[in-house]
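Participant: So that we are looking at the same thing, I have put the structure below in structure tokens.
The values are calculated or read from the model by the stated rules, or taken from the named source; none is laboratory data. Only a predicted model underlies this, so the values are computations on that prediction, with no experimental measurement involved. FYI the Cβ positions are ideal-geometry reconstructions off the backbone, even for glycines, and counts take in every protein chain you see.
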Amino acid sequence: CYRGHEGIRALYADIDEVFDYWAWTARGVVDGGDRLAIRADFVGYGRGSGVRTTVKDAGTAFKLSPRSGIVWQEFFVEQDGWTKALDAGGLRE
């Protein structure tokens with residue numbers, strides 16, 4: 001669990017430690033006003049091994065404050081992550 005600005009920095013530092021190269025490709029967005037879900041694919045290449053890791057249809061859901069800041073976000077980098085992101089955000093396609 002990562003919290004706040006320092007948590008996001010730590011999350012990306014942890015990912016960078018494992019993967020030599022990694023990227024997200026956004027494939028869709030569901031806009032619920034103050035809640036959003038993003039559908040994405042992930043690809044990363046292991047730092048030591050070079051082994052390719054892919055996750056199709058991952059997702060993230062987040063809630064915005066009235067001033068458009070992110071007050072909550074959850075990532076689902078797993079099988080059926082997109083559906084889980086929609087559910088977490090109380091959204092549907």
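Participant: Return only the number of the condition from (1) outside any helix (DSSP H, G or I); (2) touching a strand residue (DSSP E or B) at 6+ places or on another chain (Cβ under 8 Å) that THR83 does not satisfy.
Facilitator: (1)
Participant: What are the pairs with Cβ atoms under 7 angstrom where one residue, in region 22-45, is on the phi < 0 side of the Ramachandran plot and of a type in the set (D, E, K, R) and the other, located anywhere, is surrounded by 14 or more Cβ atoms within 10 Å (Cβ to Cβ) and outside any strand (DSSP E or B)? Sequence gap at least six, or different chains.
Facilitator: Note: pairs meeting the criteria are ARG35/GLY89; ARG35/LEU91; ARG39/TRP82.
Participant: Determine which member of the set GLU17, GLU6 is loosely packed, with under 13 Cβ neighbours inside 10 Å and in contact (Cβ under 8 Å) with a residue 12 or more places away in the chain.
Facilitator: Residue meeting the stated conditions: GLU17.
Participant: Taking LYS63 as the residue in question, decide whether it is at pLDDT 95 or above, closer than 25 Å to HIS5 by Cα and outside any strand (DSSP E or B).
Facilitator: In short, no.
Participant: Further, regarding this structure: Which of (1) closer than 25 Å to HIS5 by Cβ; (2) surrounded by 11 or more Cβ atoms within 10 Å (Cβ to Cβ) does ASP41 not meet, given it meets every other one?
Facilitator: The failed condition is (1).
Participant: For region 77-91, which residues satisfy the criterion of being under 12 Å from ARG39 (Cα atoms) and at pLDDT 95 or above?
Facilitator: Once the filter is applied, which keeps residues that are under 12 Å from ARG39 (Cα atoms) and at pLDDT 95 or above, region 77-91 yields GLY81, TRP82, THR83, LYS84, ALA85, LEU86.
Participant: Just checking, does region 29-52 include any residue being outside any helix (DSSP H, G or I), touching an Asp or Glu at 6+ places or on another chain (Cβ under 7 Å) and within 16 Å of ASP87 (Cα to Cα)?
Facilitator: The answer is yes; a qualifying residue exists.
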